[in-house]
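Remarks on the structure that follows.
The values are calculated or read from the model by the stated rules, or taken from the named source; none is laboratory data. Keep in mind that this is a model prediction, so the values were computed, not measured. Here the Cβ is made from the backbone with ideal geometry for all residues, glycine too, and neighbour counts use every protein chain on show. With ligands, DNA and RNA removed, areas are computed over all heavy atoms of the protein, side chains included. Shrake-Rupley method; radii C 1.70, N 1.55, O 1.52, S 1.80 Å.
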Amino acid sequence: AQSVTQLGSHVSVSEGALVLLRCNYSSSVPPYLFWYVQYPNQGLQLLLKYTSAATLVKGINGFEAEFKKSETSFHLTKPSAHMSDAAEYFCAVSFIGANSKLTFGKGITLSVRP
Amino acid sequence: KAGVTQTPRYLIKTRGQQVTLSCSPISGHRSVSWYQQTPGQGLQFLFEYFSETQRNKGNFPGRFSGRQFSNSRSEMNVSTLELGDSALYLCASSLGTGSASYYEQYFGPGTRLTVT
């Protein structure tokens, strides 16, 4: 079975500081990994995805993530936080044969202090 | 291009009642998936429909059902509502099915269901 662990439920950073949101996965087959963002009263928006091509994946809004098989991790980073980055972030896993099914982590709320 | 729309946006029901939620996918999208989002359990996959056929199902009781119409619009139904069914129900559409890595899923804003 596939699963995703997002440690902690809340991360707070200062504007301009590095953003690091952690995600570890468990999968018995090669995984596809995703990061989504959810703003209040909105649905989820795809930030980036890993599909076994490049291990360093660049997404929208300056976010990127690196797939590390040895650490079973797919942490999300952004060099400089902006106030507009405040939202809830979800890591998700899928795999070939799962069709469109995504298995999500619990999510992390990112707060950005001025 | 219009996004995924879900109706209604908010709903209040009483225990024991049933409810139907609607999802209109992005034009041209043929796959629709449903997710339940709660503070305790997070986001959980309910089911996926493609070309009017259920392709995948999550671990939910039979009270949760869905269907898809020939125009790709989808509905989900919850019968005999329980307090624990209170949640945000999200619908996602994609061009096709077969690989979440290939077909990006676009999420609607959700329907907030409150069961009293």
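Is it the case that B:Leu90 is surrounded by 16 or more Cβ atoms within 10 Å (Cβ to Cβ), under 13 Å from the mean Cα position of the chain (by Cα) and over 16 Å from B:Arg30 (Cα atoms)? Yes: the conditions hold for B:Leu90. Screening B:Gln36 on (1) closer than 21 Å to A:Trp35 by Cβ; (2) in contact with a Ser or Thr (Cβ under 6 Å, 6 or more places away or on another chain); (3) of a type outside the set (Lys, Arg) shows it passes everything except condition (2). Of everything in region B:37-53 that is at the interface with chain A (Cβ under 8 Å from one of its Cβ atoms) and over 19 Å from A:Gln42 (Cα atoms), the residue that is surrounded by the most Cβ atoms within 10 Å (Cβ to Cβ) is B:Glu48. Restricting attention to region A:16-70, the residues being open to solvent by 60 Å² or more (accessible area, probe 1.4 Å) and of a type in the set (Asp, Glu) number 1. Could you check region B:10-28 and list, in sequence order, the residues that are surrounded by fewer than 20 Cβ atoms within 10 Å (Cβ to Cβ) and farther than 19 Å from B:Ser79 by Cα? Hits for region B:10-28 are B:Ile26, B:Ser27, B:Gly28. Here is the figure for region A:26-42: residues that are away from chain B (no Cβ under 11 Å) and more than 11 Å from the chain's Cα centre (by Cα) total 4. Of the strands (runs of 3 or more DSSP E) lying entirely inside region A:43-114, those containing at least 2 residues that are touching a residue at least 40 places away in the same chain (Cβ under 8 Å) and within 10 Å of chain B (Cβ to nearest Cβ) span A:87-95. How about region B:1-28: which of its residues are closer than 15 Å to B:Ser94 by Cβ and assigned to a strand (DSSP E or B)? Within region B:1-28, B:Cys23, B:Ser24 meet the criteria.
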